[in-house]
Structure formats: C-alpha cells, structure tokens
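The values are calculated or read from the model by the stated rules, or taken from the named source; none is laboratory data. These figures come from a predicted structure and were not determined experimentally. A quick note on method: Cβ atoms are made from the backbone with ideal geometry, for glycine too, and the neighbour counts reach across all protein chains shown. We work out accessible area using only protein heavy atoms, side chains counted, and drop any ligands, DNA or RNA first. Shrake-Rupley method; radii C 1.70, N 1.55, O 1.52, S 1.80 Å.
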Amino acid sequence: MTAPTGPTAPTGTDGRDAARLREALATVHDPEIRVLTIEELGILRQVDITPDGRAHITITPTYLGCPAMDTIRADIRAAARAAGYPQATIDTTWSPPWTTRWIGAAARDKLRAAGIAPPAPAPPPGPAPPPGARLLPLAATAPRCPLCGAADTTELTRFGSTACKALWRCGTCGEPFDHVKEH
Ligand SMILES: [Zn+2]
C-alpha cells in the first residue's frame, strides 16, 4: 500500500478556503463591462466550501436576461477549476435585486478612466424622505462626460453597444461615450 501522492482536494471547511476561492473568483471580469470584475459589480454574492470540499457559489445577475450571464457562469466555473474546485455549483439569487448602486467608488473611477460614464451615484445616507415627497428618478441625472468632465451631455441611443449601456455625446468635446445605465 502506498499513500496517495500529488495534490489533495481541499478539505478545509473554515472560512480561509472560501476566502481564497473568493479572491480567485474576484478576478473574473464582466464580459460587457470589461474594466470591472464580478466582485466590483456586486454580481459575486457568496462563496462557500461545503464539508465535503466542494465550492458553492452564489451570484446575482445584473438584470433579467442579461446575455452575459452564461459567459460569466462559464468563467466562474473555469476560475473555480483553476483554484482546485472542479465541481463548483453556482446558484442564482434575485433577492435582493441587483442595482447599479452596488458599484463602489473605486469601480466608478475605473469606469471613468476607461471613458465610460458610471451610473448616478448612490444617494448619501440620511433620514428617509417624508411621506409623499417627490423622489427624483435616477434616470433624470445626466452623466458627466468621462473624457472632459463637461455636464452638457445628450443621450443618443438608449441601447448602446450592450443593453446595459446607453450611448451619449458630450456637447463640449463632441465625443460619444458609453454610460452604464442606472438600474
Ligand atoms: Zn467631453
């Protein structure tokens, strides 16, 4: 009898293996917004390792029917396999529903640096508005030009290069740019 050699399957059930796997999965990029990862977008919700050493991953799609989700699932599977979890299960949760407000400040800077106008910023925390107060709809906020910072921008097409982006044009520098729509 010889002891088995070679890499052994991860058997740890403490949070460290899950944290390591989460780091590996956090490198998966969104196919439609390539500058951001699924972690930065908030798509990656939970990563667990089951007692028998399997990866259990929970994601929240950005919106119903997003054509990128099949690619994202395949990329997550490949990243899990590369991290030593060939039999990962991926669950989808719609609650709470995804919103562009989950995109953090650093990720918004990345979008701007790539010439893409980020969605409107999340409202500052504060007391709830009084009953009957008229809430400003998110879409009423025109994005600033990510190239020159000007505020005089106009929407050209509600559906741009992908369904989650609209095409806008800057009235100052004249350049068209993508805008990740509020959602
Ligand atoms: Zn401009």
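Which of THR92, VAL47, HIS29 sits closest to the plus end of the dipole of segment 15-92, meaning its Cα is farthest towards the positive end, when Lys and Arg get +1 and Asp and Glu get -1 on the C-beta?
VAL47
Report the Stokes-Einstein translational diffusion coefficient (µm² s⁻¹, integer) for segment 15-92, Rh taken as the Kirkwood radius over Cα pairs, at 37 °C with viscosity 0.692 mPa s.
Translational diffusion coefficient: 266 µm²/s.
How far, in nm, would the chain grow between HIS56 and ILE90 when pulled straight, counting 0.36 nm per residue and subtracting the alpha carbon separation?
11.6 nm
Over segment 144-183, what portion of Cα pair distances is larger than 12 Å, expressed as a whole percent?
Result: 48 percent of Cα pairs exceed 12 Å.
Ignoring any ligand, DNA or RNA, what whole percent of the accessible area of segment 44-106 comes from carbon and sulfur when the probe is 1.4 angstrom?
Carbon-and-sulfur percentage of accessible area, whole number: 54.
Report the label-to-label distance for ALA74 and ARG16 in nanometres (one decimal), using points 7 Å from each Cα along the Cα→Cβ vector.
Those two pseudo-labels are separated by 3.6 nm.
Can you tell me the order of 95-103, 173-181 when each peptide is scored by its average per-residue count of other Cβ atoms within 10 angstrom, highest first?
173-181, 95-103
If amide hydrogens are placed 1.01 Å from N in the peptide plane, which non-local residues have theirs closer than 5 Å to the one on ALA150?
For ALA150, whose amide H was placed from the backbone, the distant partners under 5 Å are CYS145.
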